[in-house]
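Right, one structure below, let's go through it.
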Amino acid sequence: VLIPVLSVIVFILEQALLFLPNISLTVFLIILYSKCCGLKKTAWIILIYVLLDNAFMGTINIIYMPFIYLGWIVIPITLNTIFKHINNTMMLAFLSLIYSLIYCYAYIIPSMIVLHIDPIAYILSDIVFEIILMISSFVQFSSSFFTSDRT
């Protein structure tokens, strides 16, 4: 029951914030799930979330969906292997910057395949939205760092 519920939480929060471009709790929640639930459960959560999101948005595309999944699955893989000892919220905030970029850049390859877009043009046209996602993800962790009781 936990896996579908956590998947739906990510999906609903993303839909609730859809009116704000690239402001989402997705990176924050996937990092949180990765730290609390581990790699296997988080991988299932991400899979269900990606399927829900693509089905709801009407964008089920066999070319884009694997890259969307890969953009998100990097988080639990790295947090449960090379970064498994990182629990400091400021360190996780800085990692969220990298994860945001990885997710954004995951769209470059399918865009090149489907739309024949130049990768440099893609990055230049998307840079503002990448920065917004990075700031959004960073602020969620850094605000919890400054508001937590660190006695």
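Carbon and sulfur together cover what percent of the accessible area of the chain at a 1.4 Å probe radius?
77 percent
Going by alpha carbons, how many degrees (0 to 90, nearest 10) lie between the helix axis of 119-147 and the longest principal axis of the chain?
Helix 119-147 sits roughly 20 degrees off the main axis of the chain.
Going by average Cβ density within 10 Å per residue, which order do the peptides 40-48, 108-116 take, highest to lowest?
40-48, 108-116
Would you mind getting the accessible area per residue of the chain, heavy atoms of the protein chains only, 1.4 Å probe, in Å²?
On a per-residue basis, the chain sits at 56 Å².
Working out 0.36 nm times the residue gap between residue 62 and residue 36, then minus their Cα-Cα distance, what length gain in nm do you get to one decimal?
Extra length available between residue 62 and residue 36 comes to 6.3 nm.
May I ask you to order 57-63, 129-135, 1-7, 74-80 by the average number of other C-beta atoms within 10 Å around their residues, highest value first?
74-80, 129-135, 1-7, 57-63
If you take the charge dipole of the stretch 1-142 about its Cα centre, with +1 on Lys and Arg Cβ and -1 on Asp and Glu Cβ, which of 5, 26, 120 is farthest toward its positive end?
In the stretch 1-142, that residue is 5.
To the nearest 10 degrees, how steeply does helix 2-16 sit against the main Cα axis of the chain, on a 0 to 90 scale?
For 2-16 against the chain, the angle is about 60 degrees.
The values are calculated or read from the model by the stated rules, or taken from the named source; none is laboratory data. In this text, all values refer to a predicted model and were calculated from it rather than measured experimentally. All Cβ positions, even for glycine, are placed from backbone atoms using ideal geometry, and neighbour counts span all protein chains on display. The accessibility values were calculated without ligands, DNA or RNA, using every heavy atom of the protein model including side chains. Shrake-Rupley method; radii C 1.70, N 1.55, O 1.52, S 1.80 Å.
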